[in-house]
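Peer 1: Take this structure first; my questions come after.
Each reported figure results from applying straightforward, stated rules to the coordinates on display, with no laboratory input. Just so we're clear, the structure is a prediction, and the values are computed from it rather than from any experiment. Cβ: placed from backbone, ideal geometry, glycine included. Neighbour counts: every protein chain shown.
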Amino acid sequence: MKKILLPLFFLPLLVFAQVPCNEALMRYAEQYTAAEPADLYKLVFQDQYGPGHLITDSLSCVRYIQKEIEQQCVNEITTFPLYEYTLCDSNFVRVNLYLVKWGKISLQQLVSALLRSTVGLPSPDPKFVMSHSDAFKKAYAPHYRIVRRDIFERELLPLISD
């Protein structure tokens, strides 16, 4: 049933996309079998809009991330990748908050990368912003932030690779 609904759900989104995006969506759905259409939509949305809709100022960003790490990143094992490129154009990277918890990336480095990742981005209409589905959250416990690809590869990836 899910495979039939996906093409219909994504028809409006795929107007922007090319064949590689459609193939990437299918690979993502295969990798994350608990993903629902909302989770696939979120991935396409993140590739187009990045983190801009989440960040208002650096202080609130720091507090929100600290709170999420303390309250929700409680296990030492995560099933979500440590980093993952967004879909289609791979304009952004999902950076797992466990990297901050484990000390691979400092909170200040992540927040700086986040803030700079919002520069020049269009502001999406809030009614189009979605959270992950409950099924996705339960299966993968995703705790991450979106960073622009060039910033991630230049500044954060070398820290993770060590």
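Peer 1: Scale the Cα Rg of the range 72-162 by the rule-of-thumb value 2.2 N^0.38 Å and send over the ratio, two decimals.
Peer 2: 1.11
Peer 1: Taking the Cβ of V147 as the center, what net charge do the other residues with Cβ under 10 Å away carry, scoring Lys and Arg +1 and Asp and Glu -1?
Peer 2: +2
Peer 1: To continue, here is another question. If the cut-off is 13 Å between C-alpha atoms, which aspartates and glutamates fall inside it for K101, apart from same-chain ones fewer than 8 positions away?
Peer 2: Straight-distance partners of K101: E68, E70, E76.
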